[in-house]
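A quick write-up on the structure given underneath.
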């Protein structure tokens, strides 16, 4: 399996790196503290083509491959994981869900605005009583004439406060279990739709995470995505691709922490020499570099399998499981290498450590990834 980047992919990676260093790095500490991400940065990500990376150009997207998406995610995440999670959700879950499974009317209506960053999307699956157990949806959509009437609550919704378009998974026939789930496109200004307060989070604090409430929200039937009962399949396939994005995010967080640690170790002196010359530190750096490279290969493999129209359910689960563990382990080590400086905000690594944790939780916890992988290993 070849991982040599094309000239175009190198340009895409370098463009994302330049944006991250020049536009995201200034103000990243303040954005984390204030739990804010300015609209002008979202617009610039849209202008660069980062909000519709894999969307076909006929719908206003960039028409890139999944590997290019991974390269962008890694570079953004090296600096600001709050920016990259907005990119990930809009691309992997919302744009993918509409482009892959939506009607031509839905694609033409929503994708041009979503893929350019004019609108941002959110994916609404998690509920107060249905996190990892996605089949236990309590949000219901009752068919009434030309509409579905939606009632329920969704929580932990990334982009929840700034989105214009929401893909909402709801139960339309409880007797059918997961086969009774459907996916609906809900627009922000629909009567009965309420956005709750922003969550005060440990990490990715620049991104907005909200609880959403639906009270007798009338959704036109043409806003259902796919055939009746297709909601669970859509959610699982979108999440499978989404895990590639989150794996790339975890990879980027780990790589960003490593790069800062490597630089710091060559500048900081202790006992008369740079700390990089102490074996205790150089061994940490060696282990970081090795684990990050292994994670990168897993992420690239999953991306290439998706691009080659191969099944990527297992490779994406493996990539997310491993890369998220690497991110958590080595951001902790990055703080250790920085010593007391690592414990303050000015040196960035403490933020990366906080950001890393969520990569083991959202879009399927590490335990869910192990279930996915082990079931495949043990199937007849």
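Bear in mind that the values in this text are calculations on the coordinates, not laboratory data. These numbers come from a predicted model, not from an experiment. Positions of Cβ are backbone-derived with ideal geometry, glycine not excepted, and every protein chain shown enters the neighbour counts.
Taking 16 Å as the cut-off, the amide N atoms of the stretch 135-153 that come nearer than this to a point 7 Å along the Cα-to-beta-carbon line of residue 221 belong to 141-150.
Annotation for the stretch 76-101 versus the stretch 1-68: alpha-carbon center distance of 10 Å. The fraction of Cα-Cα pairs per 5 angstrom bin, counted from 0 for the stretch 7-114, comes to 2, 13, 24, 23, 17, 12, 6, 2, 0 percent, rounded to whole percents.
Taking 20 °C and 1.002 mPa s as the conditions, I'd like the Stokes-Einstein D for the stretch 121-232 in µm²/s, using the Kirkwood hydrodynamic radius from alpha carbon pairs.
Here the translational diffusion coefficient equals 153 µm²/s.
Take every DSSP beta bridge with both residues inside the chain and express the antiparallel ones as a percent of the total, to the nearest 5. Of all bridge pairs located within the chain, approximately 85 percent are antiparallel.
If you average 1/r across every pair of different Cα atoms in the stretch 276-343 and take the reciprocal, what Kirkwood value do you get, in Å?
Working: mean 1/r = 0.0752 Å⁻¹.
It works out to 13.3 Å.
Sort 202, 260 by Cβ crowding within 10 Å, fewest neighbours at the top. Present the calculation step by step, with values, prior to reporting the outcome.
On the way: 202 11, 260 19.
Listed from fewest to most nearby Cβ atoms, that is 202, 260.
Label-to-label distance, residue 262 versus residue 346, with points set 7 angstrom from Cα along the beta-carbon direction: 2.5 nm. Between residue 188 and residue 118, the contour length at 0.36 nm per residue exceeds the Cα-Cα span by 23.8 nm. Using the Cβ-Cβ distance between residue 164 and residue 47 with R0 set to 25 Å, the FRET efficiency from 1/(1 + (r/R0)^6) comes to roughly 0.90. Placing a label point 7 Å from the Cα of residue 105 along the Cα-to-Cβ direction, the residues of the stretch 205-232 whose backbone N falls under 15 Å of that point are 219-228.
What is the gain in length, in nm to one decimal, between residue 173 and residue 380 on full extension, counting 0.36 nm per residue of separation less the C-alpha to C-alpha distance? Can you show the working numbers first?
On the way: separation 207, 0.36 × 207 = 74.52 nm, distance 3.14 nm.
Full extension of this stretch gives 71.4 nm more.
Potential lengthening of the chain between residue 142 and residue 373 amounts to 79.6 nm, from the contour at 0.36 nm per residue minus the alpha-carbon distance.
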